[in-house]
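Enquirer: After the structure tokens below, expect a handful of questions from me.
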Ligand code: 9D3
């Protein structure tokens, strides 16, 4: 997969390219990141990439011509004459969830436009951008950290990116449930014991306990996720058991 990144701060993406699962996937060529910097398309002596908003007011916008030239160069570079989706990251976008990640990860290519300053000209949005995505209702300083989180999530979905023990199918949210609690050594930590079923060696009992905990924890922390699905008879019984275990 080829991922285009329109950014005035391409060095930030070292956090993605140089570490961990994503670093390895990129080094192995499972994913290719192509950064295009609008500054390289600025034509004046100072290589200006910002401009004032018409109508006045505080703050600057990204300068239109270098931004559009960079987007068009990225389209050519990641998709040639073919189609590719262009996503603008902004506080006005639709909130990203795992479903959008799964869909995005199934494409041959995608381009993320990282805004800086107060954003981009509306006409660029209308003519160059297919979708507008947000991380949620909080303010960050530009699109780069959002792009990094989203590209990490996309790279995890590429086959071969994860080891067997960390398969993407096991990722939280794919089943619409949170993960159950986990425990590691020591067996007694500051007087607190690991649940005995996990030490029993009874794999069926352990699997059942984990399903029950996942349901209970999700009900407690994210009732919206439970409300969004239809529980099987077994799941309803496990939830009832979770509630009575707590008493
Ligand atoms: C002046 C009003 N604000 C616009 C709603 C200012 C503003 C805030 C933040 C302008 C740009 C930004 C930069 N934010 C992003 O680029 C961004 C973002 C975010 O702030 N929150 C959640 N998701 C995202 S994705 C990109």
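Enquirer: Once R0 is set to 22 Å, what does the formula 1/(1 + (r/R0)^6) return for the Cβ-Cβ distance between residue 203 and residue 224, expressed as a FRET efficiency to the nearest 0.05?
Expert: My answer for the efficiency is 0.10.
Enquirer: For segment 170-246, what's the radius of gyration and Dmax over Cα atoms, in angstrom?
Expert: 13.4, 40
Enquirer: Once the convex hull of the alpha carbons of segment 117-182 is built, what does its volume come to per residue, in cubic angstrom?
Expert: Dividing the Cα hull volume of segment 117-182 by its residues yields 154 Å³.
Enquirer: I've got another one for you. If you build a Gaussian network model of the chain, linking Cα atoms that sit under 10 Å apart, which residue out of 54, 19, 189 swings the most?
Expert: 189
Enquirer: Extension gain residue 65-residue 166, at 0.36 nm per residue separation less the Cα-Cα distance, in nm?
Expert: 32.0 nm
Enquirer: Which of the peptides 179-186, 106-113, 153-160 is most tightly packed, and how do the rest follow, going by the mean number of other Cβ atoms within 10 Å of each residue?
Expert: Put in order of decreasing packing, that is 106-113, 153-160, 179-186.
Enquirer: Right, next: Quick one, what does Rg over Rh come out to for segment 14-153 if you take C-alpha atoms and the Kirkwood Rh? Could you put the intermediate results ahead of the total?
Expert: Numbers: Rg = 15.4 Å, Rh = 16.0 Å.
Across segment 14-153, the Cα-based Rg/Rh ratio is 0.96.
Enquirer: Could you please tell me the mean projected area of the C-alpha convex hull for the chain, averaged over all directions and given in square nanometres to one decimal?
Expert: 18.7
Enquirer: Would you kindly state how much longer the chain becomes between residue 15 and residue 190 on full extension, computed as 0.36 nm times their sequence separation minus their alpha carbon distance, in nm to one decimal?
Expert: Details: separation 175, 0.36 × 175 = 63.00 nm, distance 3.59 nm.
Result for the pair: 59.4 nm of gain on full extension.
Enquirer: Arrange the peptides 193-205, 116-128, 230-242, 67-79 so that the one whose residues have, on average, the most other Cβ atoms within 10 Å appears first.
Expert: Ranking, from highest mean packing down: 67-79, 116-128, 230-242, 193-205.
Enquirer: Right, another one. Can you give the angle from 0 to 90° between the axis of helix 233-246 and the longest principal axis of the chain, with both taken from C-alpha atoms, to the nearest 10?
Expert: 70
Enquirer: Tell me, what is the percent relative contact order of segment 170-246, built from C-alpha pairs under 8 Å that lie six or more residues apart? Walk me through the numbers on the way to the answer.
Expert: Values: 49 pairs, mean separation 26.3, N = 77.
Normalised by residue count, the contact order of segment 170-246 is 34 percent.
Enquirer: How far is helix 64-79 tilted off the main Cα axis of the chain, in degrees rounded to 10, range 0 to 90?
Expert: Here the helix axis deviates by roughly 60 degrees.
Enquirer: May I pose another question? Once the Cα atoms of helix 203-221 and of the chain are each reduced to a long axis, what angle between those two axes, in degrees from 0 to 90 to the nearest 10, is obtained?
Expert: 60
Every number here is computed from the coordinates shown, using simple stated rules; none is lab data. Because the structure is a prediction, the values reported are computed rather than measured. In this analysis, Cβ positions are derived from the backbone assuming ideal geometry, glycine residues included, and neighbour counts consider all displayed protein chains.
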